[in-house]
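We did not get these values from a lab; they are worked out from the coordinates using the rules stated. Treat the numbers as computed from the prediction; the structure is a model and nothing was measured. Because the Cβ atoms are built from the backbone with ideal geometry, glycine has one as well, and the counts that use them run over all protein chains shown.
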2 protein chains.
Amino acid sequence: MPAPVEFYFDFSSPYGYLAACCIDERMAAVGREVSWRPFLLGAVYKIVGGQPLVDIPMKGDYARHDMVRSARRNGVPLTWPRPFPFMSVAAVRAFYWLEQQSPKEATQLAKEIFRRAFAEGQDMSGASTVVGVASDLGLDKDGLAAALQDPSVKDLARAKVDAAIGAGVFGSPYFIVDGESFWGHDRISDVEEWVRVGGW
Amino acid sequence: MPAPVEFYFDFSSPYGYLAACCIDERMAAVGREVSWRPFLLGAVYKIVGGQPLVDIPMKGDYARHDMVRSARRNGVPLTWPRPFPFMSVAAVRAFYWLEQQSPKEATQLAKEIFRRAFAEGQDMSGASTVVGVASDLGLDKDGLAAALQDPSVKDLARAKVDAAIGAGVFGSPYFIVDGESFWGHDRISDVEEWVRVGGW
């Protein structure tokens, strides 16, 4: 069984959302599983500089337009969350806590957070909001509510974000397949091709 | 006759080179001509901030690797010019001076400058080097040598670069087709699709 494709993303990233909408299906079609790896772009910016894409002069205007256009092309709904970008640290902590028990449930939670944020425009920044999503999905909401107050879960999430940055991840989405890195939702076809032919 | 696709690029941009290697043929295949529009990324950085891609922490390492990998995938030779990035202001001035007489010859010059820079790794920054390319191509080298000393040609080039930035161009390559903008050599398929179906 080959290693899964590592799918790194920030919950507040529209291009991450676009990738999240299709990555499992597209990788399944080429016979690979996907390991979902949320991280925090803000942590990257703290270390190496940078700022949210949509705040960069010129590029920000282009990006806002391209995000909407890309969603339309992919047949995916896109509503801007308010605020945007939003703080997704609670979502990241929830994900990695849940993943310890069930990676499948963690991915389920991640997909629903993305859907509410970018298909419905909801503010997904609060811990109680994330617990609400878990509750709606029939997951262990009481366990999650406690976990989000637990310093060891904060440490766990921090370690996962540090590991992502250590692996070279600087943008969202970012994919690592068999040690090869690809940045951007518009490179998923490259990831597919790399899986299919084993490099070029 | 529909308007040509505007192809903006910096001569020192590897991704610009990759686009230059295929853009005329790919657009011809969908029935569009291409208007080559060199500009200077350095002028963008002066106005809105930014720095050469390969100098950005993390992203720079990724970009160097991806440029080589993308060239290999496209079947295009890639040799790093020394120095890199290089100053391409003489090439830009030469292009726009020559374009006034013959857009076809200007494009011919641009392709050869790109080829020598990125297929052969030559330093293409000097005015005399650019004149040498024109000479080898059988173009008006004496006229060009004089033009590169002419303040009005400097003004012409500056106006073209300013016009690119005014049109929103912030990266290389950058395409504008029927008022719609696309950034990146990995978006040429989007440009093709936009031409074919008139938007989405």
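Restricting the search to helices (runs of 4 or more DSSP H) fully inside the range A:1-85 and requiring at least 1 residues that are within 13 Å of chain B (Cβ to nearest Cβ), more than 13 Å from the chain's Cα centre (by Cα) and among the hydroxyl-bearing types (Ser, Thr, Tyr) gives A:41-48, A:59-74. In the set B:134, B:119, only one residue is surrounded by 22 or more Cβ atoms within 10 Å (Cβ to Cβ) and more than 30 Å from residue A:73 (Cβ to Cβ); that residue is B:134.
Filtering the range A:12-37 to residues that are surrounded by 17 or more Cβ atoms within 10 Å (Cβ to Cβ), closer than 17 Å to residue A:108 by Cα and touching a strand residue (DSSP E or B) at 6+ places or on another chain (Cβ under 6 Å) leaves A:16, A:23, A:24, A:27, A:34, A:36, A:37. For the range A:78-103, which positions are buried (at least 17 other Cβ atoms within 10 Å of the Cβ) and of a type outside the set (A, V, I, L, M, F, W, C)? A:81, A:85, A:88, A:93, A:96, A:99 - these are the residues of the range A:78-103 that are buried (at least 17 other Cβ atoms within 10 Å of the Cβ) and of a type outside the set (A, V, I, L, M, F, W, C). Per this entry, residue A:152 is not counted among residues that are in a helix (DSSP H, G or I), free of Cβ contacts under 8 Å to residues at least 60 places away in the same chain, within 14 Å of chain B (Cβ to nearest Cβ) and out of contact with any Pro (no Cβ under 6 Å at 6 or more places or on another chain).
Looking for something of a type in the set (S, T, N, Q), out of contact with any His (no Cβ under 9 Å at 6 or more places or on another chain) and within 13 Å of another protein chain (Cβ to nearest Cβ) - is there at least one such residue anywhere in the range B:189-198? Yes, that holds for at least one residue.
No other residue among B:175, B:95, B:182 is within 27 Å of residue B:28 (Cβ to Cβ) and in contact with an Asp or Glu (Cβ under 6 Å, 6 or more places away or on another chain) apart from B:182. For residue A:105, the test of being away from chain B (no Cβ under 14 Å), closer than 18 Å to residue A:22 by Cα and outside any strand (DSSP E or B) is passed. Within the range A:86-102, the residues that satisfy the criterion of being touching a residue at least 60 places away in the same chain (Cβ under 8 Å) and in a loop (DSSP other than H, G, I, E, B) are A:86, A:87, A:88.
So, residue B:110, is that one in contact with a strand residue (DSSP E or B) (Cβ under 7 Å, 6 or more places away or on another chain) and not basic (Lys, Arg) or not? In short, yes.
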